[in-house]
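The values are calculated or read from the model by the stated rules, or taken from the named source; none is laboratory data. Everything numeric in this text was worked out from a predicted model, so none of it was measured. Cβ placement follows ideal geometry from the backbone for every residue including glycine, while neighbour counts extend to all protein chains displayed. Please note that ligands, DNA and RNA were not included when accessible areas were found on the heavy atoms of the full protein model with its side chains. Shrake-Rupley method; radii C 1.70, N 1.55, O 1.52, S 1.80 Å.
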Amino acid sequence: MVPLDVLGPGGPYRSRRRETIEDLAGNPVASLSLAPSLYVTRAMRGLRRAPTLPVDARIAAFARAARAFATEPVAGMTPEEYQRTVTEVTGIPITVVREATGDLARAAERIHQSVENARPEGAVTSWRDPRVRDGAAVWTRRGSVFAVQAAGNHPAVHQGWFDALALGYRVAVRPSRREPFTPHRLVTALREAGFGNEGVALLPTDHDVADDVLRHADLGMVYGGADVVAKYADDARVLPQGPGRSKILITAETDWEPLVDTLVESISGGGGAGCVNATAVLVEGDPAPVAAAITERLAALPSLPATDDRAVLPVQPLELARWWDGYLRQRAAGTKAWLGGDGVVDDLGDGSAVLRPAVHQLDSPFAEQLGMEMRFPCAWVAPWDREAGLRPLRDTLVLTAVTTDADLIDTLVAEPSISNVYVGNHPTPWMDYGLPHDGYLAEFLMRTKTVRH
């Protein structure tokens with residue numbers, strides 16, 4: 001089995017307590033070391049004592065790590081072996097994992113652009129800047145150690161903590177035990193590229209120790225569901241990353257038929273399990289024709305093993321897939337099932353199953369199902385009108401607004417609980433380097449202070 005060691009300030013550490021990571025068929029693939037509480041405490045202290053690399057050295061190290069991560073053997077695994085392992089364990093289609101590999105490498109290569117875009121235009125990065133002589137705003141860190149409890153639903157989620165490392169924080173990553181391969185590979189590549197053992201650490205733990213990683217950091221970021229958001233809502237030191245609940249709004253004056261490709265990509269792109277995948281489609285007028293068109297396209301997607309180059313749908317162990325099917329049926333009670341009403345499980349015969357798409361029509365834009373996310377393509381299609389207003393559109397990571405109503409666009413952009421607004425024919429998973437995902441992480445990590453000398 002592949003050994004996935006703890007990566008602490010003293011180097012790799014193989015603990016007595018380990019967890020076996022299995023593939024979709026239940027075969028053991030890797031042995032993940034779990035760091036005990038005392039080790040975590042010492043590791044976090046080691047990160048705090050470590051010096052900060054100069055900014056030029058940090059940017060150069062990111063570039064070297066990007067090349068290694070995408071093209072070279074790291075921790076004994078070639079890129080191809082790493083990608084296949086992630087697919088075999090998570091059921092994320094192999095093409096999605098390959099694309100994520102490239103996305104992570106490009107994000108690392110362009111990290112300087114990302115952090116510079118986030119810096120206030122009127123602020124300088126160092127008190128040594130000549131402008132400070134007459135007084136200037138200096139952009140400074142709010143701490144020195146940053147911790148992240150990472151998600152395992154998609155490899156590219158790990159772009160989320162790059163900015164902290166680039167800005168000079170020492171970073172501790174507690175990986176998801178569902179998919180520890182990507183952060184293990186990234187942290188190894190970054191350490192070997194120049195950050196060293198004390199610049200970035202990988203601290204796998206069980207749930208009882210997880211909060212220790214956050215407690216010993218200055219600031220932290222946590223991924224999870226609504227329960228995680230509620231847990232940390234009052235902790236100013238922690239930035240929760242909760243459900244995306246991304247949506248599409250189609251207003252009456254627009255022609256939606258040319259947008260079917262965009263609708264389908266929004267719902268199912270990348271396997272349909274990301275926070276940027278559309279959960280809800282709201283239609284001003286009759287939603288049935290839109291639901292029918294989406295259904296026709298999604299129903300045609302093939303059921304294939306995740307390792308097949310043509311695979312586009314997620315695969316899960318059979319019993320887990322059946323659980324999701326039962327959960328969907330329970331939550332969808334009382335809705336009109338266009339797709340998935342007779343089940344979303346397609347047994348592959350090897351202990352795993354494809355989770356097929358589901359489309360349900362709701363009677364109201366206020367139906368509770370509208371914000372429900374699944375680990376597979378699942379869309380809730382509902383009517384919307386001007387009287388319903390903003391309420392059904394709030395708490396949204398990405399909103400694609402297919403409308404020509406400038407006043408409505410003004411309202412959507414101004415709404416604090418909508419993180420990103422794409423106007424027109426743009427799929428919700430669209431992202432670009434240097435642009436904020438859920439705001440710039442630097443907005444949380446940094447502050448400005450006036451300095452004069």
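Just to verify a number: FRET efficiency for ASP363 and TRP430, C-beta to C-beta distance, R0 = 35 Å, to 0.05? Present the calculation step by step, with values, prior to reporting the outcome.
Numbers: r = 30 Å, r/R0 = 0.87.
The pair ASP363/TRP430 has a calculated efficiency of 0.70.
Rounded to the nearest 20 debye, what is the charge dipole size of the chain about its Cα centre when +1 sits on each Lys and Arg Cβ and -1 on each Asp and Glu Cβ? Spell out each step's value before the answer.
Working: 46 positive and 57 negative charges, 523 e Å.
That gives the chain a dipole magnitude of about 2520 debye.
What are the equivalent ellipsoid semi-axes of the range 10-165, built from the alpha-carbon gyration tensor (square roots of five times its eigenvalues), in whole angstrom, biggest first? Spell out each step's value before the answer.
Values: eigenvalues 245, 90, 35 Å².
Equivalent ellipsoid semi-axes, largest first: 35, 21, 13 Å.
What's the longest uninterrupted piece of the chain once you rule out the GluC sites (Glu not before Pro) that are loop residues per DSSP with at most 13 other Cβ within 10 Å? The partial results should precede the final answer.
Values: sites that count: GLU121, GLU253, GLU387.
Here the longest run is 254-386.
For the range 376-445, rounded, prolate or oblate, judged on the Cα gyration tensor with a ≥ b ≥ c (square roots of eigenvalues), a/c < 1.5 rounded, else prolate if a/b > b/c? Numbers along the way, then the final one.
Working: a/c = 1.72, a/b = 1.43, b/c = 1.20.
Judged from the Cα gyration tensor, the range 376-445 comes out prolate (a/c at least 1.5, a/b above b/c).
Tell me the mean residue ellipticity at 222 nm calculated for the chain from its helices only (DSSP H runs of n ≥ 4, each -39500 (n - 2.57), averaged over every residue, nearest 500). Walk me through the numbers on the way to the answer.
Numbers: 14 runs with 145 residues, N = 453.
It lands at -9500 deg cm²/dmol.
Counting only protein chains, not ligands or nucleic acids, how are MET431, MET44 ordered by accessible area (probe 1.4 Å), most first? Before the final figure, lay out the partial values.
Working: MET431 110, MET44 0 Å².
The most accessible residue leads, giving MET431, MET44.
So what's the gap between the Cα centers of the range 356-392 and the range 1-41, to the nearest angstrom?
Comparing the Cα centres of the range 356-392 and the range 1-41, I get a distance of 40 Å.
Take the alpha carbon atoms of the range 75-152, find their radius of gyration, then divide it by 2.2 N^0.38 Å using N residues; give the quotient. Spell out each step's value before the answer.
Details: Rg = 19.5 Å, N = 78, 2.2 N^0.38 = 11.5 Å.
Relative to the 2.2 N^0.38 Å estimate, the range 75-152 comes out at 1.69.
Which of THR254, PRO314, GLY244 sits closest to the plus end of the dipole of the chain, meaning its Cα is farthest towards the positive end, when Lys and Arg get +1 and Asp and Glu get -1 on the C-beta?
GLY244
Ranking request for peptides 348-360, 298-310: highest mean number of other beta-carbon atoms within 10 Å first, then the rest in descending order.
Values: 348-360: 21.5, 298-310: 15.8.
Output ranking for 348-360, 298-310: 348-360, 298-310.
What percent antiparallel are the DSSP beta bridges of the chain, to the nearest 5?
Working: 25 of 69 bridges.
Approximately 35 percent, going by the DSSP bridge assignments.
Mind listing the long-range amide H neighbours of ILE418? Cut-off is under 5 Å, sequence gap 5 or more, other chains count too, H placed in the peptide plane at 1.01 Å from N.
Those qualifying (amide H under 5 Å, at least 5 residues apart or on another chain) are ASP395, THR396.
Label-point separation (nm) for ASP407 and ARG447, each offset 7 Å from Cα along Cα-to-Cβ?
Computed distance between label sites ASP407 and ARG447 equals 4.2 nm.
Pull out a ≥ b ≥ c, the square roots of the eigenvalues of the alpha-carbon gyration tensor of the range 159-222, then state rounded if a/c is under 1.5, prolate if not and a/b is larger than b/c, and oblate in the remaining case. Please report the intermediate quantities before stating the final value.
On the way: a/c = 1.80, a/b = 1.25, b/c = 1.44.
Since a/c reaches 1.5 but b/c is at least a/b, the shape of the range 159-222 is classed as oblate.
What is the angle, in °, between the Cα long axis of helix 288-299 and the longest principal axis of the Cα atoms in the chain? Nearest 10 is fine, range 0 to 90.
Its long axis makes an angle of about 60 degrees.
What are the extents of the Cα atoms of the chain along their three principal axes, listed from largest to smallest and rounded to whole Å?
For the chain, the Cα extents along the three principal axes come out at 63, 59, 37 Å.
Would you work out what percent of the accessible area of the chain, with all protein chains in place, is carbon or sulfur (probe 1.4 Å)? Each step should come with its number before you reach the end.
On the way: 9360 of 19440 Å².
Solvent-exposed carbon and sulfur of the chain make up 48 percent of the total.
Classify the range 1-94 as rounded, prolate or oblate, taking a ≥ b ≥ c as the square roots of the eigenvalues of its Cα gyration tensor: rounded when a/c is under 1.5, otherwise prolate if a/b is larger than b/c and oblate if not.
The shape class here is oblate.
Report the Cα centroid-to-centroid distance between the range 262-318 and the range 432-447 in angstrom, as an integer.
Here the answer is 29 Å between Cα centres.
Find, among the trypsin sites (Lys or Arg not before Pro) in the range 127-158, those assigned to loop by DSSP (not H, G, I, E, B) with at most 12 other beta-carbon atoms within 10 angstrom.
Working: sites: ARG128, ARG131, ARG133, ARG141, ARG142; in loops: ARG128, ARG142.
Answer by residue number: ARG128.
Using the Cα centre as the reference, give the magnitude of the dipole from point charges on the C-beta atoms of the range 1-40 (Lys, Arg: +1; Asp, Glu: -1; all else neutral), rounded to the nearest 20 debye. Could the numbers behind the result be given before it?
Details: 4 positive and 4 negative charges, 48 e Å.
So the magnitude is around 220 debye.
If I model a spin label at ASP308 and ALA333 as a point 7 Å from the Cα along the Cα→Cβ vector, what separation in nanometres do I get?
Distance between label points: 3.5 nm.
Each residue of the range 273-281 in order: what ³J(HN,Hα) in whole Hz does its phi give by Karplus 6.51 cos²θ - 1.76 cosθ + 1.60, θ = phi - 60°, with x for Gly and Pro?
9, x, 5, 8, 6, 5, 9, 10, 10
Each residue of the range 127-144 in order: what ³J(HN,Hα) in whole Hz does its phi give by Karplus 6.51 cos²θ - 1.76 cosθ + 1.60, θ = phi - 60°, with x for Gly and Pro?
Result, rounded to whole Hz: 5, 7, 4, x, 5, 5, 4, 9, x, 7, 7, 10, 7, 10, 6, 8, x, 10.
Looking at the range 404-453, which chymotrypsin sites (Phe, Trp or Tyr not before Pro) are DSSP coil and have at most 10 other C-beta atoms within 10 Å of their C-beta? Provide the component values of the computation, followed by the final result.
On the way: sites: TYR422, TRP430, TYR433, TYR440, PHE444; in loops: TRP430, TYR433, TYR440.
Within the range 404-453, no chymotrypsin sites (Phe, Trp or Tyr not before Pro) qualify (loop, at most 10 other Cβ atoms within 10 Å).
Per-residue HN-Hα couplings for the range 266-271, Karplus 6.51 cos²θ - 1.76 cosθ + 1.60 at θ = phi - 60°, whole Hz, x for Gly and Pro?
Each residue of the range 266-271 in turn: 5, 7, 10, x, x, x Hz.
Let me check I've understood the local charge: for HIS207, count other residues with C-beta under 15 angstrom from its C-beta, Lys and Arg +1, Asp and Glu -1. What total comes out? Please list the in-between numbers first.
On the way: positive: ARG17, ARG174, ARG177, ARG178, ARG215, LYS231; negative: GLU19, ASP206, ASP208, ASP211, ASP212, ASP227.
Every neighbour counted, the sum reads 0.
Return the distance in nm (one decimal) between the two label points of a simple spin-label model at ALA230 and THR41, each offset 7 Å from Cα along Cα→Cβ.
Going by the 7 Å Cα→Cβ label model, 3.1 nm.
For a quick check: with amide H placed at 1.01 Å from N, whose amide H comes under 5 Å from LEU239's, ignoring anything fewer than 5 positions away on the same chain?
GLY220, MET221, VAL222
Using a 1.4 Å probe on the protein heavy atoms only, what accessible surface does ARG84 show? Give it in Å² to the nearest 10.
120 Å²
For the chain, what is the accessible area per residue in Å², given a 1.4 Å probe and the full set of protein chains?
Heavy-atom SASA per residue in the chain reads 43 Å².
Just read off the accessible area of ASP342 with the full protein assembly in place, 1.4 Å probe, to the nearest 10 Å².
About 140 Å², ignoring ligands and nucleic acids.
In terms of Cα to Cα distance under 26 Å, which lysines are near enough to LYS336, apart from those fewer than 8 places away along the same chain?
Result set, ordered by chain and number: LYS247.
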